[in-house]
Amino acid sequence: MIGSDETVLEVRNLGYRYPNGTVAIENINLKINRGEKVAIIGSNGAGKSTLLSHFNGLKEPSEGDILIEGDIMAYDRQSLRNVRQKVGVVFQNSTNQLFAPTVIEDVAFGPMNLGLSRDEVDRRVQESLEAVDMIGFEDVTPHHLSGGQQKRIAIAGIIAMRPEIIILDEPTASLDPQGVDQVLGILNELNREGITIVISSHDVEMITEFADKVLVLHHGHVEAFGTTEEVFANHQLLKKAHLKPPKASVLLHMLKKRGLDVDVKLNLEEACDEIIDAKLIKK
């Protein structure tokens, strides 16, 4: 889905310090529009998880504000309850999110806490399990599932809450290639249905295929925020943030330095097209 011009999540001058005074993030400013797929990237310790944890009130900032659909986030119980119906978070470690004896109880937990009718809860659980292709696992203990299956159940639990924004911390970490494809397929389908997706990752290859926009964090500060093409074409920026550029982009940079008339592309398919156009290989 192509993002609209309506800002659904805004960060203004956000900062967070740990109780010992250590600065985790500082002076973060960001606007995410409805329907966008945004990736937050940075090396370990850059502040990605800390920033994400502010988006639905898991952490309260030391300074600055978070705005959801134009409303400044407040931190009383009712306000946070309202925010978390709009903004769902999937943690990096899915086992931290799965605690019920069975899959069906886990997915039903959020909707039941909204005070919905049993019929509505059952409907949401069924639709959510269908969305992540986990029908048939209702009575399985979540901790008996594979890592990829656990991730899909964690996403189902968030889908059942009907959020407008889904935040995912390293959604493809520790997954095999099939698991990565399944999770990204689910996220793309949710995005096509109008849900705004925000992920954190240091996997630049995956992000070139997934995200519309990229925010680069380094030592708790924003180094850049722009389209995927703009950010990943800037190899100097990525080096400063201790990140490797996409392999396709590296290849085309090397060819360009050798005098070939090619545009720097981000993914392998685009890179192949550029090489064909440059007549380095035959179709």
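The values are calculated or read from the model by the stated rules, or taken from the named source; none is laboratory data. What you see is a predicted model; the values in this text were computed from it and never measured. Backbone-built Cβ (ideal geometry, glycine too); neighbour counts: all protein chains shown.
What's the total number of residues in the range 93-125 that are part of a helix (DSSP H, G or I) and of a type in the set (S, T, N, Q)?
Here the count works out to 4.
Within the range 92-122, how many residues turn out to be among the hydroxyl-bearing types (Ser, Thr, Tyr), under 25 Å from the mean Cα position of the chain (by Cα) and closer than 16 Å to residue 138 by Cα?
So the answer is 0.
Checking the condition closer than 26 Å to residue 102 by Cβ and either among the aliphatic types (A, V, I, L, M) or outside the structural domain of residue 40 (by TED's automatic domain parsing) (or both), which residue from 167, 199, 207 passes?
After applying the criteria, what remains is 167.
For the range 126-155, how many residues meet the condition of being in a helix (DSSP H, G or I), out of contact with any Asp or Glu (no Cβ under 8 Å at 6 or more places or on another chain) and buried (at least 16 other Cβ atoms within 10 Å of the Cβ)?
Taking the range 126-155 as the starting set, the residues that turn out to be in a helix (DSSP H, G or I) are 126-131, 142-144, 147-155.
Filter once more, so that each one left must be out of contact with any Asp or Glu (no Cβ under 8 Å at 6 or more places or on another chain): 126-128, 130, 143-144, 147, 149-151, 154-155.
Subsequent filtering for residues that are buried (at least 16 other Cβ atoms within 10 Å of the Cβ) retains 128, 149-151, 154-155.
Residues meeting the conditions: 6.
Do you know which residues across the range 221-244 are under 18 Å from the mean Cα position of the chain (by Cα) and among the small types (Gly, Ala, Ser)?
Of everything in the range 221-244, those that are under 18 Å from the mean Cα position of the chain (by Cα) and among the small types (Gly, Ala, Ser) turn out to be 224, 226.
Quick one: how many residues across the range 105-118 are surrounded by fewer than 19 Cβ atoms within 10 Å (Cβ to Cβ), closer than 18 Å to residue 90 by Cα and of a type outside the set (Phe, Trp, Tyr)?
Total meeting the criteria: 2.
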